[in-house]
Structure formats: C-alpha cells, structure tokens
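For reference, the structure discussed in these notes is given below.
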Amino acid sequence: MKTLVWVEHDNNEMKDATLSAVTAASQLGSEVHLLVAGSNCRAVAEQAAKIAGVGKVHLADDAAYEHALAENVAPLIVDQMGHHDAFVAPSTTTGKNVAPRVAALLDVMQISDILSVEGDKTFTRPIYAGNAIATVESSDEKLVVTVRGTAFDKAEAEGGAGTIEEISGAGDAGLSSFVGQEIAEGGERPELTSANVIVSGGRALKDSATFEEYIMPLADKLGAGVGASRAAVDAGYVPNDYQVGQTGKIVAPEVYIAVGISGAIQHLAGMKDSKTIIAINKDEDAPIFQVADIGLVGDLYKILPELTEKL
Ligand code: FAD
C-alpha cells in the first residue's frame, strides 16, 4: 500500500506532528510518500526527506498553498491520490481541516483520530470522549485517516534519504482567501503538543490577571507549556489555542499539572494519557483526583506560590 502523508509546517520548518503520522503510515503501507504543500517551502521538503523510511517527497510550491487553505490543498491531494492508496494526516488543526474535504472529494469515509493500525484497513479510534475505543474497518478503496499524535511514536527525523519531486496543482480554487491570523504570544514556552511538562489552569483562576500571576511563574520555573480548561478559555482568561480536551488539544506530556480544574470527561479526553498527572484542587471529591497520580487538596492561591518558590 502506498501512503501519502501530509507534512505539517509553517513554510520554514516541519512540525513534529508529522513524525507520528509517518509512523502510522509506515504501519499501514510499505511505501511512505510525503506531501509538502506551501509557499517558498523547499527547506521543509529537504527536512522531510531526511525522515527515516520515507520515499518520495512531493513538493507543491505555490502561493495558493501558503496557508494550507483546505479549499486549495484538497484538490491537490486528490490528484495525488490517483497513485496513492491512503492519505494520512496528523490530527492537528490543519490536518482536521483538510482531511474531511479530501474524503468528501474522493467520496470515501474519513477515519478520524486513529490510535492504532490493526490491519490493512482496520484501526482503533476513541469514541465518547475517549471513554471507549472502537475498532473500525473501512470498506473504501482509498483511505483517508487522521492520526492521534500521542498514540504513535515519532519517526526518526534523521537518517532517511527521500527524493524530492516537484508537483503542481490547480492552485487557487477561488473558494476562500486568507485574511489574517492572530498568534498568541507564547514567549519562550514550549508548544503544548510537544511540551514535556504542562501546567494547566481552570475556572478557579478567576481571570486573565490571576492566571498570569499564578500559573505562568510555575510554568516558567518548570520550562513547561501552558494549557487551560475550556471554562478558562471561554471565560477569556487565555486564548483558545491553550485549550486541552476533546475540543482542544490532545496532549500526553511526561508531567501534567492540573490546577483548579475539576476533571470533566471532556478535559480528561485531552490529557489522561499523560505519564504523571498532578492535580491541585480544593475539593477532595473532584473527579480529576480519579486520574491523578499525585493529588494536592487545598487552595491553589496558597499552594502555587509556595510550590513555585520552592522549586
Ligand atoms: P469547573 O468544572 O468549574 O472546575 C473548577 C474547579 O476548580 C473545581 O473542581 C473547584 O473545586 C476548583 N477550585 C475552585 N477554587 C479553587 C481554589 N481556590 N483552589 C483550588 N481549586 C479550586 N472542557 C475542557 O477542558 N476541554 C474541552 O476540550 C472541552 N470540550 C467540551 C466539549 C463539549 C461538547 C462539552 C459539552 C464540554 C466541553 N468541555 C471541555 C467543558 C467541560 O465539560 C467542563 O465544563 C470544563 O472542563 C470545566 O472546566 P474547569 O474544570 O476549569 O471548571
């Protein structure tokens, strides 16, 4: 089976999420090809070609692909699916945006957020916010799959010798245009999905000023990424891209510290695979303690400054 993997990037650098998708693709088929679609992004293709086990890297360099608008890149992918059997994308914001349109154009089912490859066309995936795992088999000729990054090891970023082949597509489909983006300032903090340690704050933080005052110093001491519950995001304490959970980011760091977060199933769906979970909550019956390896029952406003100072 020939697989085509969507390379996640910002036109300069490949993103780590690509590497887990490559691992999933290699379990699916013997030939793993990559697609780099972007603008002035040859450096990304060169980086991608070094991933261990990769064959061809298809490079579509066109201004129309700069922002990975699904309306523009999906037809390009569909063209490539003439000679590939499976399209594999990481379950990132872009992957989740592009894959459904590809599936619709190919008239096949999309299999989302796979956790494992069980056979040629058989996968496991979470349902009910991760409380049950379904085994699903596709009967379509072509596969469109998104991959949960935390469920697959990352492929080696070095050691491969893929060949770069330039391709072109129809370019601008004229259906959408890029207006602008506001990127939250993360400073020196690691990005959530690749952070080893995450400190997340919940509704208990009251507002953005207290979130900044209590969560950020602890995160900075630990070199941690910063996350939040949806309640904290909805209340405007922090931007959307901090959200961890079913409708946010799926993370599995070495250490996840949940501060003033109750542990609703939708939040657990995004972090319960973390290696060590530490919960700080004043309610000893909070559900977060059911998944926590270490629990501190108490007022975060007392515990956090003390903890931060002692580190
Ligand atoms: P709360 O549930 O209000 O909990 C606050 C906690 O803080 C309580 O446990 C309280 O005991 C504790 N606390 C209060 N004061 C202190 C103090 N001084 N010191 C210590 N502890 C204190 N949620 C997500 O997080 N991510 C998602 O992706 C997500 N997706 C959703 C999708 C759907 C379809 C739906 C319906 C909901 C979703 N939710 C999601 C929302 C989820 O159900 C919860 O409402 C949300 O997670 C609650 O956030 P919270 O734990 O911060 O707030």
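The values are calculated or read from the model by the stated rules, or taken from the named source; none is laboratory data. The structure displayed is predicted, hence computed values, not measured ones. Here Cβ is always computed from backbone atoms with ideal geometry, including for glycine, and neighbour counts include all displayed protein chains.
Quick one: is GLY95 closer than 25 Å to GLY160 by Cα, crowded, with 23+ Cβ neighbours inside 10 Å and out of contact with any helix residue (DSSP H, G or I) (no Cβ under 7 Å at 6 or more places or on another chain)? Yes: the conditions hold for GLY95. Of the conditions (1) in contact with an Asp or Glu (Cβ under 8 Å, 6 or more places away or on another chain); (2) over 29 Å from GLY263 (Cα atoms); (3) of a type outside the set (Val, Ile, Thr); (4) modelled with pLDDT of 95 or more, GLY55 satisfies every one except a single condition; which number is it? Among (1) in contact with an Asp or Glu (Cβ under 8 Å, 6 or more places away or on another chain); (2) over 29 Å from GLY263 (Cα atoms); (3) of a type outside the set (Val, Ile, Thr); (4) modelled with pLDDT of 95 or more, GLY55 violates only (4).
Every residue, every condition in (1) touching a residue at least 60 places away in the same chain (Cβ under 8 Å); (2) within 20 Å of THR93 (Cα to Cα), yes or no:
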{"site": "ILE198", "(1), (2)": "yes, yes"}
{"site": "ASP207", "(1), (2)": "no, no"}
{"site": "LEU218", "(1), (2)": "yes, no"}
{"site": "LYS221", "(1), (2)": "yes, no"}
{"site": "GLY236", "(1), (2)": "no, no"}
{"site": "ASP241", "(1), (2)": "no, yes"}
{"site": "GLY245", "(1), (2)": "no, yes"}
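Within region 267-289, is there a residue that is on the phi > 0 side of the Ramachandran plot, within 7 Å of the ligand (Cβ to nearest atom) and in contact with a Ser or Thr (Cβ under 9 Å, 6 or more places away or on another chain)? Looking through region 267-289, none of the residues is on the phi > 0 side of the Ramachandran plot, within 7 Å of the ligand (Cβ to nearest atom) and in contact with a Ser or Thr (Cβ under 9 Å, 6 or more places away or on another chain). Could you tell me whether ALA64 is in a helix (DSSP H, G or I) and at pLDDT 95 or above? Yes, satisfied.
Within the span defined as region 130-140, one or more residues are touching a helix residue (DSSP H, G or I) at 6+ places or on another chain (Cβ under 6 Å), within 16 Å of the ligand (Cβ to nearest atom), closer than 24 Å to LEU19 by Cα and outside any helix (DSSP H, G or I).
In the set (1) under 30 Å from VAL57 (Cβ atoms); (2) in contact with a strand residue (DSSP E or B) (Cβ under 6 Å, 6 or more places away or on another chain), ILE198 fails one condition alone, (1). Quick check, is LYS302 over 20 Å from ALA232 (Cα atoms) and either acidic (Asp, Glu) or surrounded by fewer than 14 Cβ atoms within 10 Å (Cβ to Cβ) (or both)? So LYS302 fails the test.
Taken together, the residues in region 42-52 that are in contact with an Asp or Glu (Cβ under 6 Å, 6 or more places away or on another chain) and either among the charged types (D, E, K, R) or buried (at least 20 other Cβ atoms within 10 Å of the Cβ) (or both) amount to 1. Report whether or not VAL108 is without any contact (Cβ under 8 Å) to a residue 60 or more places away in the chain, β-branched (Val, Ile, Thr) and in a loop (DSSP other than H, G, I, E, B). Considered against the rule, which asks whether it is without any contact (Cβ under 8 Å) to a residue 60 or more places away in the chain, β-branched (Val, Ile, Thr) and in a loop (DSSP other than H, G, I, E, B), VAL108 comes out as yes.
For MET81, the conditions (1) assigned to a strand (DSSP E or B); (2) among the hydrophobic types (A, V, I, L, M, F, W, C); (3) in contact with a helix residue (DSSP H, G or I) (Cβ under 8 Å, 6 or more places away or on another chain) are fulfilled apart from (1). Scanning region 193-222 for residues that are closer than 18 Å to ALA269 by Cβ and assigned to a helix (DSSP H, G or I) yields THR193, ARG203.
Residues in region 199-222 that are under 21 Å from the mean Cα position of the chain (by Cα) and more than 13 Å from the ligand (Cβ to nearest atom): 2 in all.
The lone criterion from (1) surrounded by 15 or more Cβ atoms within 10 Å (Cβ to Cβ); (2) within 16 Å of the ligand (Cβ to nearest atom); (3) hydrophobic (A, V, I, L, M, F, W, C) left unmet by ILE127 is number (1). Of all residues in region 287-299, those that are surrounded by 14 or more Cβ atoms within 10 Å (Cβ to Cβ) and part of a helix (DSSP H, G or I) total 3. Somewhere in region 134-152, is a residue at pLDDT below 95 and under 25 Å from ALA43 (Cα atoms)? Yes, region 134-152 contains a residue that is at pLDDT below 95 and under 25 Å from ALA43 (Cα atoms).
Considering region 223-264, the residues that are surrounded by fewer than 19 Cβ atoms within 10 Å (Cβ to Cβ), modelled with pLDDT under 95 and not in a loop (DSSP other than H, G, I, E, B) include one that is nearest to the ligand (Cβ to nearest atom), namely ASN240.
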